[in-house]
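Visitor: Following this message is one structure expressed as structure tokens.
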Amino acid sequence: MNEQTSLNAIALSVALLSFSVLLGPYLNLPSAVPAAITLGVLVLAAVDTFGFNGLGSRLLLDGFSQLSPAHRQRVIHHEAGHFLTAQLLGATVVGYTLTAWEAFRQGHSGQGGVRVETPDFGETITASELERYCTIWMAGGVAESLVYDNVEGGADDLETLRSVLTQLDVGDAVLKERVAGRRAQQLLQTHWETYNALVTAMNQRASVEDCCQLIEQQVQSTV
């Protein structure tokens, strides 16, 4: 069971246990019920983690998160950062989802996000190609930081970036991460009006094609 899923299962178990203990006397619940509920939640979490790679937990937790309009807006601002940066750097965006449920319906795992065509990160990748994708991975968190002054998402992005840098043994991975972050920030700030227009379009669930066309038109209008 991964760390985040374990913490979520424990938190839910504690909440259910506290709830059942407090209300048990009023509902005439047997004393064994709280323990049974807690055990059941932990068993289901374990089955979900080992049998379904945590898919059920992701869908459930993401569903609760989507009840918050503020959270939904943060997700869109994060993903718009990835989308815009990918387009500006010439990468191909093949799709995007804004919730775990949308990703599941499209046959993808995870919390959702912008999907970009990526090369085989082997020995043949050039330094400029590596920098391009590192910048794209950093752009979501950078966009969040510019809008909200803090970052809540992007853990998967950082994990992917660091995994690739470790795989390629590029040397000072921390420095490359910082350079990519600064480049992403520069791109987003330079094209801030385009970024905001893209956020609006993604709020309306515009297609990838429409989003790409919007970016192209916005960039051309500022030249």
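Laboratory data are not the source of any read-out in this text; all were calculated from the coordinates shown. Here the structure is a predicted model, which is why all the values come from computation and not from measurement. Backbone-built Cβ (ideal geometry, glycine too); neighbour counts: all protein chains shown.
Visitor: Roughly how many nanometres apart are two label points built 7 Å out from the Cα toward the Cβ at residue 152 and residue 216?
Guide: In this crude label model, residue 152 to residue 216 measures out at 3.5 nm.
Visitor: Another question, then. Sorted by mean Cβ packing within 10 Å, highest first, what order do the peptides 73-80, 179-186, 160-167 take? Display every interim value, and only then the final one.
Guide: Details: 73-80: 22.4, 179-186: 18.8, 160-167: 15.4.
Descending mean neighbour count gives 73-80, 179-186, 160-167.
Visitor: Can you give me the distance in nm between label points at residue 182 and residue 159, each placed 7 Å from the Cα along the Cα-to-Cβ direction?
Guide: 2.9 nm
Visitor: While we're looking at this one, here's another question. Given R₀ = 30 Å, FRET efficiency for residue 200-residue 125 by Cβ-Cβ distance, to 0.05? Could you put the intermediate results ahead of the total?
Guide: Working: r = 35 Å, r/R0 = 1.15.
Efficiency, from the Cβ-Cβ distance: 0.30.
Visitor: Just to be sure I understand the model, the point goes 7 Å from the Cα along the line to the Cβ. What's the resulting residue 173 to residue 208 distance in nm?
Guide: 2.8 nm
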